[in-house]
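The values are calculated or read from the model by the stated rules, or taken from the named source; none is laboratory data. All values reported here derive from a predicted model rather than from experimental measurement. As a convention, Cβ positions derive from the backbone with ideal geometry for all residues, glycine included, and neighbour counts pool all protein chains shown. Note: accessible area is taken over every heavy atom of the protein model, side chains too, but ligands, DNA and RNA are not part of it. Shrake-Rupley method; radii C 1.70, N 1.55, O 1.52, S 1.80 Å.
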Amino acid sequence: MYIGIDDTDSKEGMCTTYLAKLIIDRFGCEGYPRLIRLNPNIPYKTRGNGALNIISDGDKDEIIEIFMEYAHYGKENTNPGIVFMEKIPSSLKNFAVKALHENIEITEALECIEKNKIDYFALGNKRGLIGALAAVGMELNDHTYELIAYRERSKFGKRREIDVKTVIEMDKKYYPLIFDNYDYRNDHLCIAPSSPCPVLYGIRGEAPEILEKTQKMIRSEKVDKKQIFLTNQATDMHLVTKKISEIKEFDSVIVKGEVSESPTTIEGGHVIFKINDSSEIFCAAYEPTKEFRNVIRNQIVGDVVKVYGGVKYTKGLTINLEKIEILKLVPKYTIQKEKCLCGGTLKSKGKGVYKCKKCGKKMNLRKIEVKREIKEGFYEVPPSARRHLSKPLCRYQKLQQSSISQDLSI
Ligand code: ATP
């Protein structure tokens, strides 16, 4: 039986992966449980909009008892949902794709359940059914794995004890077979969440065997339980190539365009600029993207770029950058002299002729090409700012199966 679960956690604790693990410990699971990330731009999510899908032949009533006992129902914005089905209806595939790219109404989930006679249980406004259905219906062309280690119950909500040195050693030895463990530039441990949930840490990687092996290197407080999940994390599955005129709020897009308004740093340290492909849109590198903002600050009008990111409405539709590919840098010029001898500012009259605004003197000045501080190429936000679905650049270099097996034998 296929089981889909979602929306069991709150800002105060729990994690849907933990609830799935409790069901697996009681009834077992065929293959790896699947942790499916859905539209990262919708407003209802607590953190990473994750939903769970397991295949298990457990007793439904007992599963619902576990679900009722552990789901954080009653907390703000928690509307748990669970679905059970023997076969996956073909229409569920499209529903899942929609849940990845759009904002779905709860009524649509209820209609899908009714039409396909799907067994379900839900609380609150039943929003959790959207993710529960999508997790079962989602087809994956690419996937990674995450090993999640859980804390003892007495430790929930307390400071996590993880020896960071051992995580760095693990990362240095096995990257890129495992990735996003540590952000060296920002001194940030990426494997541990900051919320009071049951998760101690999660190691992400290309193969289950490598995760089992690498986990042995981490020294930490006692691990109570652990589980490997198959997941669509780090796949870029959320991104769709679009023209600017086609973009809607909540989309995640790849867009090619020309920089049409220079980057400016606004209050809070966010860097904003515009690109154009015959329509125009804002792009933003927010403060948490740290050093990535320096790449953006060096863009000038005319540069050709491909941007990757999620769309939100702020001052207008804005692409929240996850990655940028700089395809063409245009030459940057400065004029030889920026002021007139009298101290007045110079105004361009075209064709290299400048006029002093103070004394009116006209002069011919040469434009000098200056060095661009960046190179054409692919740039990404640091691991500490990476979204779950975002594919790190290290995954773009296709891993050779042989190199994986070679490393496994170390
Ligand atoms: P996690 O903590 O596991 O990373 P999360 O806590 O951020 O995930 P949820 O608690 O799962 O997110 O809450 C997201 C809610 O939004 C769920 O009720 C889910 O069913 C719903 N949802 C998921 N995708 C969509 C969508 N595309 N449109 C509307 N609602 C959605």
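Would you please classify the overall shape of segment 2-137 from the alpha carbon gyration tensor, given that a ≥ b ≥ c denote the square roots of the eigenvalues, rounded means a/c under 1.5, and beyond that prolate means a/b larger than b/c while oblate covers the rest?
Values: a/c = 1.43, a/b = 1.06, b/c = 1.35.
It comes out rounded by the Cα gyration axes.
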Report the residues of segment 375-399 in range of a label on Lys328: point 7 Å along Cα→C-beta, backbone N strictly under 16 Å from it.
376-377
Label point distance in nm, Lys172-Lys361, each placed 7 Å from Cα along Cα→Cβ:
6.1
Ordering 262-271, 214-223 by per-residue average of other C-beta atoms within 10 angstrom, highest first, gives 214-223, 262-271
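Just the ratio, please: alpha-carbon radius of gyration of segment 96-205 over 2.2 N^0.38 Å, N its number of residues.
Against the compact-globule rule of thumb, the ratio is 1.43.
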Along the Cα→Cβ direction, 7 angstrom out, place labels at Ile55 and Glu287. What is the inter-label distance in nm?
4.7
Kindly report the accessible area of the chain per residue (heavy atoms of protein chains, probe 1.4 Å, no ligands, DNA or RNA), in Å².
49
Under unit Cβ charges (Lys, Arg +1; Asp, Glu -1), what dipole magnitude, rounded to 20 debye, does segment 322-362 have relative to its Cα centre?
460
Within segment 214-232, list the residues whose amide N lies under 17 Å from a label point set 7 Å along Cα→Cβ of Lys158.
220-225
With the full set of protein chains in place, find how many percent of the accessible area of the chain is carbon and sulfur; take the probe as 1.4 Å.
47
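Counting other Cβ atoms within 10 Å, which chymotrypsin sites (Phe, Trp or Tyr not before Pro) in segment 85-179 have at most 13 and lie in a DSSP loop?
none
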Between His188 and Val240, what is the label-to-label distance in nm when each label sits 7 Å out along the Cα-to-Cβ direction?
2.9
Cα-based radius of gyration of the chain once divided by 2.2 N^0.38 Å, which approximates compact folds
1.17
Quick one: length gained pulling Val353 to Ser91 fully straight, 0.36 nm per residue minus the C-alpha distance?
87.7 nm
Treat every Asp and Glu Cβ in the chain as -1 and every Lys and Arg Cβ as +1, leave all other atoms uncharged, and give the resulting dipole magnitude about the Cα centre to the nearest 20 debye.
3260
Taking Rh as the Kirkwood radius computed over alpha-carbon pairs of segment 144-231 and applying Stokes-Einstein at 37 °C with viscosity 0.692 mPa s, one gets a diffusion coefficient in µm² s⁻¹ of 253
